[in-house]
Amino acid sequence: MLRQCCVVLRQQRAQSLPPCRRSHAQAQLGAILDQTIEDIKSAGTWKEERILVSPQKVTVRVQNHQGPILNFCANNYLGLANNREVIEASKAALDKYGAGLSSVRFICGTQDIHKELEGKIAKFHEREDAILYISCFDANAGIFEVLLGPEDAILSDELNHASLIDGIRLCKAKKNRYKHRDMEDLERQLKENSSSRIKLIVTDGVFSMDGTVAPLPQIVELAERYGALTLIDECHATGFFGSTGRGTEEYHGVSGKVDIINSTLGKALGGAAGGYTTGKKELIQLLRQRSRPYLFSNSPPPAITATANKVFDILLKSPDQLISRLKTGTEKFRTMMKAAGFTISGDNHPICPVMIGDAALAAQFADRMLSRGVYVVGFSYPVVPQGKARIRVQISAAHTEEDIDYCVDAFVSIGRELKVI
C-alpha cells in the first residue's frame, strides 16, 4: 500500500511541473540537435540515404533516378542476394514455419532449421559447433563479457570493426590496442600481459574500410608462443575469400589455427541478416547459457534461416566458379584503376577503397557517379579517420567484364573533371 502511494505521489509531482520548464528543456535539446546536425553537414560528412526500389543485385533501381544503375557498393560478394534458388528456399520456409518465432531460442524459439544451419556452419568452418545470432554485431557483443574477466587481457587491432570495439567495452578484461597489423607492437603487449589468465588476440580477418588482410600466420605464431587465444571477425571473408571461400585462415594457409570465428550471414551468404560464433563445443554451450544478445533477442526468422541454409548448400557443394569470377573481377578493377592514376587501398580483396581524402569531394564524386549510372558511396568521418575519405568500391561475382569497364570509365572521366587524377 505504501509503495502504491509513493508511485501516485511521484506521478502527481511530475504532472504538476510547470509546462514552461518542460518546454524549455525540449527547446534546449532541439537547439543542441540542430547545431550538431548543421556541424555534420558543414563538415561534408552528412550521409544521405538513397532509396532502392528494386531487389539488391548487380543492377538496381534508385528512387528519383531513371533506368537501371550498376551497383558497386554492396556486400553481395557472390551475387546470391537475388539468387532464385535462395529466394525459393526462403518462400518455402515462410509457408512451412511462419513469419517468426515471437520468442528467444531457449523459451520456444528454436526450430529444426536453426539447428540444421548451425550444423552446416560448423561443418563449413571445420569446427565443433556454432551458435546463431540475429546479427554478427550481436555475436561480437555477446562473447567477450561471457568469456573474460578482470584477470584476463584483450589485445585488439586498433582498426577493428565497431562491433568488436563495442563488445570489448562490455567486458572487464584489461583492454589493449595494438597498432594496425603491427606484430612487434602485438608481441610487446603480449609480454606486458604475460601474467593474465586468458590472453585473447582479436582482429578482423579483412578490415572493411581498407580492404587489408590480417597477418594471420604471424598472429597465430605469436599466440602459440605466448599462450594466447585468437578470435577473428570474418564478415568480409566468409564464403568467398580463400580458394574455397573458407576465409582468412584458408587464404593464409593456416586453416584450423584460429580458436574462435565470428561472422555474418548478411553479406556474401545471401545478404539477408544473421550472425554466428563457431568454435569448440564447450564455448558454444557456455554462450547458449550466458550470452545476453542470444538470451534476450528473438530467434532469426525462418525465411532468413532458410536463406542461409541454401547458401551453405551451395558453398559446401561447388562455389569454385563464383569465387573464380570474383577474383578475376577484383584483379581487373584494381589493375585498371591503378593504371588510371587512382590510389586503391588494401590487398587483393574485393573491397577496393578509392582514396579521395576530402570528405565533401568524396560525396560530390559519388553523386556524379550516380548520375553516370554507377552506384557508389563516399565514406567519411566517423566511419573512417578525418582526412581519409574514400569511395569504397566492392566487386561482386555477378559483375561482368563490361560492368567493370563501364565503372572504371566513369571513375576516370569524373576523376579528371574533379582533378582527382
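Evaluated at 10 °C with a viscosity of 1.306 mPa s, what Stokes-Einstein diffusion coefficient in µm²/s does the stretch 84-317 have when Rh comes from the Kirkwood expression over alpha-carbon pairs?
Value of D from the Cα-based Kirkwood radius: 89 µm²/s.
By the scheme Lys and Arg +1, Asp and Glu -1, what is the net charge of all other residues having a beta-carbon under 12 Å from that of D204?
Net local charge, D204 excluded: -4.
Counting Lys +1, Arg +1, Asp -1, Glu -1, what net charge surrounds D358 among other residues with beta carbon under 12 Å of its beta carbon?
Here the charged neighbours net out to +3.
Find how much the distance from A99 to H65 grows on full extension, using 0.36 nm per residue of separation minus their present alpha carbon separation; answer in nm with one decimal.
Numbers: separation 34, 0.36 × 34 = 12.24 nm, distance 3.28 nm.
Computed gain between A99 and H65 is 9.0 nm.
Lys and Arg at +1, Asp and Glu at -1: add these up for the other residues within a Cβ distance under 10 Å of Q111 and post the number.
+1
Quick check on the stretch 137-214: take the gyration tensor over C-alpha atoms, sort the square-rooted eigenvalues as a ≥ b ≥ c, and tell me if it's rounded (a/c under 1.5), prolate or oblate.
Values: a/c = 2.59, a/b = 1.12, b/c = 2.30.
Since a/c reaches 1.5 but b/c is at least a/b, the shape of the stretch 137-214 is classed as oblate.
Considering only protein heavy atoms and a 1.4 Å probe, what is the carbon-and-sulfur percentage of the accessible area of the stretch 84-317?
50 percent
Which of the listed residues, A268, L148, L200, is farthest toward the dipole's positive end in the chain, when Lys, Arg count +1 and Asp, Glu count -1 at the beta-carbon?
L148
Of all the Cα-Cα pairs you can form in the stretch 44-109, what percent are over 17 Å apart?
63 percent
Among A89, F137, A99, whose Cα sits farthest toward the positive end of the charge dipole of the stretch 84-317 (+1 at Cβ of Lys/Arg, -1 at Cβ of Asp/Glu, about the Cα centre)?
A99
Using DSSP to call loops (not H, G, I, E or B), can you name the GluC sites (Glu not before Pro) in the stretch 309-404 whose Cβ has at most 14 other Cβ atoms within 10 angstrom?
In loop regions of the stretch 309-404 (DSSP not H, G, I, E or B), there are no sparsely surrounded GluC sites (Glu not before Pro).
When the label point is put 7 Å from the Cα of E417 along its Cα-to-beta-carbon vector, which residues of the stretch 60-76 have a backbone N closer than 20 Å?
So the set is 62-73.
Could you sort the peptides 149-162, 262-275 by per-residue average Cβ neighbour count (10 Å cutoff), highest mean leading?
Listed from highest to lowest mean packing, they are 262-275, 149-162.
Between S195 and L33, what is the label-to-label distance in nm when each label sits 7 Å out along the Cα-to-Cβ direction?
Inter-label distance under the simple model: 5.0 nm.
Treat the stretch 240-315 as a sphere of radius equal to its Kirkwood radius over Cα pairs and apply Stokes-Einstein at 25 °C in a medium of 0.890 mPa s; give the translational diffusion coefficient in µm²/s, rounded to a whole number.
Here the translational diffusion coefficient equals 177 µm²/s.
Between K281 and K179, how many nm apart are label points set 7 Å from Cα along the C-beta direction?
4.4 nm
Which residue, chosen from F240, I32, A359, occupies the Cα position most advanced towards the positive end of the dipole of the chain, where the dipole is computed from +1 (Lys, Arg) and -1 (Asp, Glu) charges on Cβ about the Cα centre?
So the residue furthest toward the plus end is I32.
Quick one: dipole size for the chain, taken about the Cα centre, charges +1 on Lys/Arg Cβ and -1 on Asp/Glu Cβ, in debye to the nearest 20.
For the chain, the charge dipole is close to 1220 debye.
Provide the per residue accessible area, probe 1.4 Å, for the chain, rounded to a whole number of square angstrom.
Solvent-accessible surface per residue comes out at 49 Å².
The values are calculated or read from the model by the stated rules, or taken from the named source; none is laboratory data. Please read these numbers as outputs of a predicted model, since none were measured by experiment. Neighbour counts are summed over all protein chains in view; Cβ atoms, including those assigned to glycine, are modelled from backbone coordinates with ideal geometry. Keep in mind that these areas ignore ligands, DNA and RNA; they rest on the heavy atoms of the full protein, side chains included. Shrake-Rupley method; radii C 1.70, N 1.55, O 1.52, S 1.80 Å.
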